[in-house]
Amino acid sequence: MKQFEHSNDKNESEILFSKSVKAGKRIYYVDVKRDRHDEYYLSITESKRVKDGTEEVRPVFEKHKIFLYQEDFSKFIGALSKAIGYIHENQPLNDA
């Protein structure tokens, strides 16, 4: 089953698997792709609406990407868990 490609960049690999997280003006895409050496990797994209659209003008989005290969998963998850733990301990979530 072919997944929907959410990017217009023709050089990007086909998305093999995708999950998205909508969060206000941001959408986070977590995609599994395959590189030219047939290795799978994660492509994590933050897409943030920086200018609302009108009937005449399309909205403007700013995108940031991270590419993460399998050999780095455990190190990345460890660092991410520690950073999240630090935030939870030092700045409680505001119920806004």
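The values are calculated or read from the model by the stated rules, or taken from the named source; none is laboratory data. Being a predicted model, the structure only gives us computed values, none of them experimental. Cβ coordinates were reconstructed from backbone atoms using ideal geometry, including for glycine residues, and neighbour counts include every protein chain displayed. Areas reflect the complete protein model, heavy atoms only, side chains present, ligands, DNA and RNA absent. Shrake-Rupley method; radii C 1.70, N 1.55, O 1.52, S 1.80 Å.
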- prompt: Which of the residues that make up segment 43-65 are surrounded by 11 or more Cβ atoms within 10 Å (Cβ to Cβ) and either of a type in the set (Lys, Arg) or within 9 Å of the chain's Cα centre (by Cα) (or both)?
  reply: Ser43, Ile44, Thr45, Glu46, Ser47, Lys48, Arg49, Lys51, Lys63, Lys65
task: Considering every residue within segment 29-38, establish whether at least one is at pLDDT 95 or above and open to solvent by 100 Å² or more (accessible area, probe 1.4 Å).
output: no
message: Taking the condition of being more than 22 Å from Phe76 (Cβ to Cβ) and assigned to a strand (DSSP E or B), how many residues in segment 21-63 meet it?
response: 7
task: Go through segment 64-86 residue by residue and tally those that are under 14 Å from Tyr28 (Cβ atoms) and part of a helix (DSSP H, G or I).
output: 1
